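Presented below is the structure to which this report refers.
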Amino acid sequence: MLMHRLYAGLAACLLVVTAFCAAPASAAGPSHQGKTAAPASRAGTSSVQHKPLVLADEGSFFVGGREVASETLSLTPKYDPHGTVTVDQMYVQYQIPEHAKRYGITLIHGCCLTGKTWETTPDGRMGWSQYFVRNGYATYTIDQAGRGRSATDISAINAVHLGKTASDTLPAVFAAGHEAAWTIFRFGPKYPEAYKDSQFPVQAQAALWQQMVPDWLTSLPTPNPTVADLSQLAIKLKGTVLMSHSQSGIYPFQTAALNKLGVAGIVAVEPGECPKVDEARALVGIPILVVYGDHVQESSRWAPRFKACQDFITAFKTAGGTGEFLSLPAIGIHGNSHMMMQDKNNLQIADLILDWIDRNVERTGGTAASASHLRKSAAK
């Protein structure tokens, strides 16, 4: 009986591998355009989780970047300090399911984190990046410029070491401690006390702390190079939903202000900043969803941001835009933290977001700018 089960399991694994390997690779680059299918409603979280994950393509690439000549690339005699490096580029990892929907989702992490934000949760459950793929959406998970697998320019640090510049020219880099992050992420009122209804898996917090990295944000140019990189990516993909979180919350809006082309929709998950009310009209034509979790009003950091984003969505809708401000407690979902993509009910929240995308982006064809670009591309 035991051997029978082992052989059955092995056969199932081989079936999945065969399906994956036989899937056609994208010869024209990592775009899921053309892999269309009739819209289908989700069959339920449990059903989706336990089916084999079948991909048409997966891989990674970089967008953006610029070359910088430097004389301070190295402090060791083994390597020449003179040379040229590429900086400000953005790493993109993608997974494209079979029969992908028209627009994929670009996942943009926040402060002190990387693209890992959207992957397997700290306690080992399915993350949003895989869940979105399982629901028919190609995902493009980025590491912001200067973070994770996107290179950082070290020249300014070495210049101080070599005595070429003053110490006050050192880039300002910071790291968020566990204690500060605990309250900023709203796991509880103070470290290590958790809210009684907290949805974050606090017993697995050590796995979250492992994800956190030094943040070079304040040492980067303004606007952040990630914004221009996101615009290049959106155009390259011929339309994508930009989904941001926390510190990156404003980036999709800045990307659209730079160029609406390719921005099929915006989902801002607990954005640290929303556009000003008087900037709302310029964004009409792009469907926008803003989502906030629980215990926001108990936070002096998040309560004003909540109100500012609420005011922006009101102005956006008044101007004729398709927008929604979703407060989870207001619809009866309680205990969600700032890291709702990792919370214990993360897939319930994912379903709410995907339903909104299905209705307001997928079925409507995205922005006029994206649709026009697709028509022009098809005509070439």
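The values are calculated or read from the model by the stated rules, or taken from the named source; none is laboratory data. Predicted model, so just to flag it, every value in this text is computed and none were measured. All Cβ positions, even for glycine, are placed from backbone atoms using ideal geometry, and neighbour counts span all protein chains on display. When the accessible area is computed, the model is the full protein with side chains, heavy atoms only, and any ligands, DNA or RNA have been set aside. Shrake-Rupley method; radii C 1.70, N 1.55, O 1.52, S 1.80 Å.
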Which of the residues that make up region 56-110 are farther than 17 Å from Lys164 by Cβ, in a strand (DSSP E or B) and more than 20 Å from the chain's Cα centre (by Cα)? Ala56, Arg66, Glu67, Thr84, Thr86, Val87
Could you say whether any residue in region 163-172 is out of contact with any Phe, Trp or Tyr (no Cβ under 7 Å at 6 or more places or on another chain), of a type in the set (Gly, Ala, Ser), within 26 Å of Ala350 (Cα to Cα) and at pLDDT 95 or above? no
Kindly indicate whether any position in region 123-145 is open to solvent by less than 10 Å² (accessible area, probe 1.4 Å) and charged (D, E, K, R). yes
Which residue pairs have Cβ atoms under 6 Å apart, sit 6 or more places apart or on different chains, and have a first residue in region 182-200 that is within 23 Å of Gly124 (Cβ to Cβ) and a second that is of a type in the set (Asp, Glu) and open to solvent by less than 40 Å² (accessible area, probe 1.4 Å)? Gln199/Asp343; Phe200/Asp343
Can you tell me which residue in region 203-212 is farthest from Val68 (Cα to Cα), limited to those that are of a type outside the set (S, T, N, Q) and open to solvent by less than 40 Å² (accessible area, probe 1.4 Å)? Ala204
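If a residue must be charged (D, E, K, R), crowded, with 22+ Cβ neighbours inside 10 Å and in a loop (DSSP other than H, G, I, E, B), how many such residues does region 250-294 contain?
The number of residues fulfilling the criteria is 1.
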Tell me the residue from Gln254, Gln297 that is out of contact with any Leu (no Cβ under 9 Å at 6 or more places or on another chain), on the phi < 0 side of the Ramachandran plot and polar (S, T, N, Q), please. Gln297
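Working only within region 151-176, note down all residues that are polar (S, T, N, Q) and more than 29 Å from Asp229 (Cα to Cα).
First pass over region 151-176, keeping only residues polar (S, T, N, Q): 152, 155, 158, 165, 167, 169.
Correct list: Thr165, Ser167.
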Condition set within 16 Å of the chain's Cα centre (by Cα) and among the hydroxyl-bearing types (Ser, Thr, Tyr), scope region 214-266, selection nearest to Trp302 (Cα to Cα): answer is Ser246
Would you point out which residue out of Leu170, Leu162, Leu220 is aliphatic (A, V, I, L, M), over 20 Å from Gln342 (Cβ atoms) and free of Cβ contacts under 8 Å to residues at least 40 places away in the same chain? Leu170
Can you work out which of the residues in region 146-163 that are part of a loop (DSSP other than H, G, I, E, B) and aliphatic (A, V, I, L, M) is surrounded by the fewest Cβ atoms within 10 Å (Cβ to Cβ)? Leu162
Sole residue being surrounded by 13 or more Cβ atoms within 10 Å (Cβ to Cβ), at pLDDT 95 or above and among the acidic types (Asp, Glu), chosen from Glu193, Glu179: Glu193
Quick one: is Pro221 at pLDDT below 95 and open to solvent by 10 Å² or more (accessible area, probe 1.4 Å)? yes
